[in-house]
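Novice: Encoded as structure tokens, here's the structure I'll be asking about.
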Amino acid sequence: MVHFVGAGPGDPELITVKGLKLIKEADIVIYAGSLVNAELLKVCKSEAEIYDSKDMNLQEVLKVFEEAKEAGKTVVRLHTGDPSLYGAIREQMDWLKEKGIEYDICPGVSSFSGAAAAIRKEYTLPGVTQTVIITRAEGRTPVPDKEKLSVLAAHQATMVLFLSATLSEKIREELIAGGYPVDTPAAVVFRATWPDEEVVWTTLDKIPEAFQREEARRADGNMKQALIIVGRAIDDKTVYEYSKLYDREFVTCYRAR
Ligand code: SAH
């Protein structure tokens with residue numbers, strides 16, 4: 001049996017109760033060492049086998065799954081944040097299905113939720129935007145033409161960019177070309193929920209400078225664990241409407257006028 005588990009964005013207390021239980025019971029844990037907090041492995045059984053997938057290719061991971069099945073062992077495949085986003089779990093699940101190995105998924109707190117908490121904002125404000133676009137800039141991994149940042153920009157929704165820390169110039173250009181005003185509020189959240197979390201408040205046209213400043217400040221030079229958030233909803237000064245859900249005059253199925 002293989003359990004895909006979302007480890008959360010960094011803070012070891014942000015894994016689910018269920019996810020932690022699965023780690024405690026696992027015979028084998030394969031974790032994504034580049035982003036998952038290794039603190040979480042402290043609850044493993046003393047005899048548990050632990051692998052860091054940072055040093056493994058897909059075939060090596062699959063081999064561990066296969067050997068575990070033969071030995072009747074339980075595997076936790078620990079992914080950062082929530083595994084449904086940029087987790088590369090589909091290829092693992094398809095292979096497991098083909099081999100007749102059982103698997104399930106325990107969701108996690110994604111870093112985009114961790115980042116919203118870090119900036120203390122709501123992504124969906126009534127009267128401003130009701131949409132969050134989760135995407136990435138095109139780097140070595142291609143992005144379909146229909147999802148070019150300049151095309152997605154037309155909506156001027158709240159946008160959260162993953163895996164794009166080295167592409168900030170491109171993001172600025174394409175989002176401005178697509179119609180976001182140059183002074184659209186933006187935040188770069190480095191290492192959300194980790195002890196060295198950093199939030200840089202800026203505007204769309206100055207996003208690359210936020211990275212330069214952070215790079216100068218950070219001794220570890222690790223700029224990649226960052227999310228770029230763009231949109232009017234994250235500005236303190238943005239005028240929004242109050243929610244209908246809690247409006248005294250608004251009848252819901254739970255509450256009469
Ligand atoms: N499944 C993960 C995302 C994996 S892709 C999730 O749900 O969060 C890896 C990218 O996620 C990084 O390049 C970075 O953009 C982002 N990321 C992961 N953890 C982060 C954190 N604690 N703070 C900021 N960005 C993070």
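Novice: Expressed in nm², what is the orientationally averaged projection area of the convex hull enclosing the Cα positions of the chain?
Specialist: Over every viewing direction, the Cα hull of the chain projects on average to 16.9 nm².
Novice: At a 10 angstrom cut-off on C-beta neighbours, averaged per residue, how do the peptides 222-233, 244-255 rank from highest to lowest?
Specialist: 222-233, 244-255
Novice: Please calculate how many Å² of accessible area the chain carries per residue, with a 1.4 Å probe and no DNA, RNA or ligand atoms counted.
Specialist: About 55 Å² of surface per residue is accessible.
Novice: Add +1 for every Lys or Arg and -1 for every Asp or Glu among the other residues with Cβ under 14 Å from the Cβ of PRO144, and state the total.
Specialist: Within the 14 Å Cβ shell, the charges total 0.
Novice: Determine which aspartates and glutamates satisfy two conditions relative to LYS148: a Cα distance under 13 Å, and not lying fewer than 8 residues away in the same chain.
Specialist: GLU138, GLU173, GLU174
Novice: To continue, here is another question. What Rg and what Dmax come out for segment 111-234 when only alpha-carbon atoms are used, in angstroms?
Specialist: Just the Cα atoms of segment 111-234 yield Rg and Dmax of 13.5, 42 Å.
Novice: For ASP94 and ARG140, FRET efficiency with R0 = 35 Å and r from the beta-carbon atoms, rounded to 0.05?
Specialist: 0.95
Novice: What residue among ARG172, ARG90, ARG140 shows peak mean-square fluctuation when the chain is described by a Gaussian network model with Cα springs under 10 Å?
Specialist: Per the Cα network of the chain with a 10 Å cutoff, ARG140 tops the list.
Novice: Another one. With each run of n ≥ 4 DSSP H residues scored as -39500 (n - 2.57), what mean residue ellipticity at 222 nm is computed for the chain after dividing by its residue count and rounding to the nearest 500 deg cm²/dmol?
Specialist: Roughly -7500 deg cm²/dmol at 222 nm, from the helical runs in the chain.
Novice: With just the Cα atoms defining each centre, how far is segment 196-236 from segment 108-142? Give it in Å.
Specialist: Cα centres, segment 196-236 to segment 108-142: 14 Å.
Novice: Now a separate question. Quick one: with all protein chains in place, what share of the accessible area of the chain is carbon or sulfur, to the nearest percent (1.4 Å probe)? Please list the in-between numbers first.
Specialist: Details: 7230 of 14160 Å².
Carbon and sulfur atoms account for 51 percent of the accessible area of the chain.
Novice: Okay, next question. Roughly how many nanometres apart are two label points built 7 Å out from the Cα toward the Cβ at LYS24 and ARG255?
Specialist: 3.7
Novice: Which entries of LYS42/LYS63; LYS97/LYS224; LYS21/LYS54 show an alpha-carbon separation above 28 angstrom in the structure shown?
Specialist: Where the Cα-Cα span goes over 28 Å, the pairs concerned are LYS97/LYS224.
Novice: Under 18 Å from the Cα of LYS99, which aspartates and glutamates turn up, not counting those fewer than eight places away in the same chain?
Specialist: GLU60, GLU66, GLU67, GLU70, GLU91
The values are calculated or read from the model by the stated rules, or taken from the named source; none is laboratory data. Since the structure is predicted, the reported quantities are computational estimates derived from the model, not experimental observations. Every residue, glycine as well, gets a Cβ built from its backbone with ideal geometry; the counts of neighbours run over all protein chains shown. The protein model used for the area step is the full one, side chains on, heavy atoms only, and it has no ligands, DNA or RNA in it. Shrake-Rupley method; radii C 1.70, N 1.55, O 1.52, S 1.80 Å.
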